[in-house]
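Have a look at the structure below, then the notes.
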Amino acid sequence: MALTIESAQSIFSNTQVPSPIPATIALFDQLSVEDQLAYLWYAYTEMGRTITPAAPGAARLQLAESLLTQIKLMSPEEQTQVMRDIASRADTPISRSYGFFSVNTKLAFWYELGELMKQGIVAPIPTGYQMSPGVKVVLEATQKLDPGQQITVLRNTVVDMGFDTSELGPSSYPKAVAEPAFPRTAPTATTSVKIDGITEPAVLKYIEAMNADNFDAAIDLFTPEGALQPPFQKPIVGREAISKYMREEAQGLNMMPKQGIMEVKPDGSKQLKITGVVQTPWFGVNVGMNIAWRFLINPQGKIFFVAIDMLASPQELLSLRPV
Ligand code: 45D
């Protein structure tokens, strides 16, 4: 039987527990734009007391520099309006430029705005702002999440902002030739990967390659029509698309798979579920994200499909059941 992406997506589906992350984002989406910005400010600065992201490198900030310079020159009212426009995905020149940014440039842009807000150079949350009951509800929901889930909520809200440029042609906004690299937080590249219960070479080589930012080696492990499904996203299909995605979004990640199970199917394909922890270069060793990889390896030993799922709770790390 030919492997299809649709059937691959449902492997180990009975081990999937609904994640509180989309539920929290759904609450956020119901807030007014003012409340959304206030929520992000409180969530970000509150979390920042214990876990602060690493400052983005100069090369990354340069990609957002022209926007940041324009904003710095504005009146406080105009600055607030720009932030509202971006948060509400309005069709304005700045919100469009933001929409063309890569995920990490969007994060770097807001990181810098947050710093400028703290310094009083960019308008902060208006004095006398009264936190609405809605903001309190979303903040309380956020506090119940573990740190890895909290930073995922922040990340995903930031990624969704800006005018939706997916239907537009390429922008005139200067694009980076290549994504600036993140410095690695730990020298995992030299340590060979060990996963309890797993000896499948494609999987071990995948983790090894990703932990060295060696995306060419990782891509070689996929079938030409293979797919990678990031958390809460549709599958990215084909080597070229996966390669582009990895270069933009998978740099500097530390992947620490712990344990897994494998099933061999009658056609010789293999289904594996592996759980473990991933660290993002934004937070380094301070925040671990509990995740699962669900691999479908074809009879020739190539990766046909891999899904990355955020786990609902740390208990899910150990809940490895067949099918
Ligand atoms: O609006 O095997 C202010 C893949 C107020 C690849 C603000 C992967 C106003 C394959 C505070 C200024 C990548 C899929 C905003 C594995 C306002 C693979 C600012 C998984 C917005 C394993 C807010 C990788 C700010 C994973 C500055 C799971 C917020 C990676 C900053 C996960 C938030 C990475 C930051 C995550 C969040 C990174 C920096 C979740 C970073 C999160």
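The values are calculated or read from the model by the stated rules, or taken from the named source; none is laboratory data. None of the values given here were measured: they were computed from a predicted structure. Backbone-built Cβ (ideal geometry, glycine too); neighbour counts: all protein chains shown. Side chains are part of the model used for accessible areas, which takes the heavy atoms of the whole protein and leaves out ligands, DNA and RNA. Shrake-Rupley method; radii C 1.70, N 1.55, O 1.52, S 1.80 Å.
Kindly rank 35-41, 195-201 from highest to lowest mean number of other beta carbons found within 10 Å of each residue.
35-41, 195-201
Of the DSSP beta bridges with both residues in the chain, give the percent that are antiparallel, rounding to the nearest 5.
Close to 85 percent.
Relative to the longest principal axis of the chain, what angle (0 to 90°, nearest 10) does the C-alpha long axis of helix 33-48 take?
For 33-48 against the chain, the angle is about 70 degrees.
Kindly report the accessible area of the chain per residue (heavy atoms of protein chains, probe 1.4 Å, no ligands, DNA or RNA), in Å².
With all protein chains present, the chain gives 48 Å² per residue.
Once the piece of chain linking Gln9 and Val103 is laid out straight, how much longer is it, given 0.36 nm per residue of separation minus the C-alpha distance between them?
On the way: separation 94, 0.36 × 94 = 33.84 nm, distance 2.42 nm.
Between Gln9 and Val103, full extension yields an extra 31.4 nm.
Give the angle, between 0 and 90 degrees and rounded to the nearest 10, that separates the Cα long axis of helix 133-143 from the longest principal axis of the Cα atoms of the chain.
40 degrees
Describe numerically, in nm with one decimal, the distance between label points set 7 Å from Cα along Cα→Cβ at Asn214 and at Ala55.
3.3 nm
Taking 0.36 nm per residue of separation and subtracting the Cα-Cα distance, what length does fully extending Ser319 through Ser166 add?
Taking Ser319 through Ser166 to full extension adds about 51.3 nm, to one decimal.
How would you rank 21-34, 305-318, highest first, on the average number of other Cβ atoms within 10 Å across their residues?
Order by mean packing, descending: 305-318, 21-34.
Pop a pseudo-label 7 angstrom from the Cα along the beta-carbon direction at both Glu115 and Asp267 and give the gap in nm to one decimal.
For Glu115 paired with Asp267, the spin-label model returns 5.1 nm.
Quick one: grab Rg to one decimal and Dmax as a whole number for the stretch 38-156, Cα atoms only, in Å.
14.4, 40
At 222 nm, what value in deg cm²/dmol follows for the chain if DSSP H runs of at least 4 each add -39500 (n - 2.57) and the sum is divided by all its residues, to the nearest 500? If you can, show how the numbers build up before the last one.
Values: 13 runs with 132 residues, N = 323.
Value at 222 nm, helices only: -12000 deg cm²/dmol.
If I ignore ligands, DNA and RNA and count only protein heavy atoms, how much of Lys244 is accessible to a 1.4 Å probe, in Å² to the nearest 10?
Around 130 Å² of this residue is reachable by solvent.
Of all the accessible heavy-atom surface of the chain, with the other protein chains kept in place and a 1.4 Å probe, what percent is carbon and sulfur?
Carbon with sulfur: 57 percent of the solvent-accessible area.
At q = 0.11, 0.13 Å⁻¹, work out log10 I(q)/I(0) for the chain with the Debye formula, treating every Cα as an identical point scatterer and leaving solvent out; two decimals please.
At q = 0.11, 0.13 Å⁻¹ the computed log10 ratios are -0.74, -1.02.
Output the direction-averaged projected area (hull surface divided by four) of the convex hull of the alpha-carbon atoms of the stretch 226-323, in nm².
On the way: hull surface 27.0 nm².
Average projection, Cα convex hull of the stretch 226-323: 6.8 nm².
Show the residues, 5+ positions off or on another chain, whose built amide H is closer than 5 Å to the amide H of Ser171.
none
Compute the helix-to-body angle for 239-249: its Cα long axis versus the longest principal axis of the chain, expressed 0 to 90° and rounded to tens.
With both axes taken from Cα atoms, the answer is about 50 degrees.
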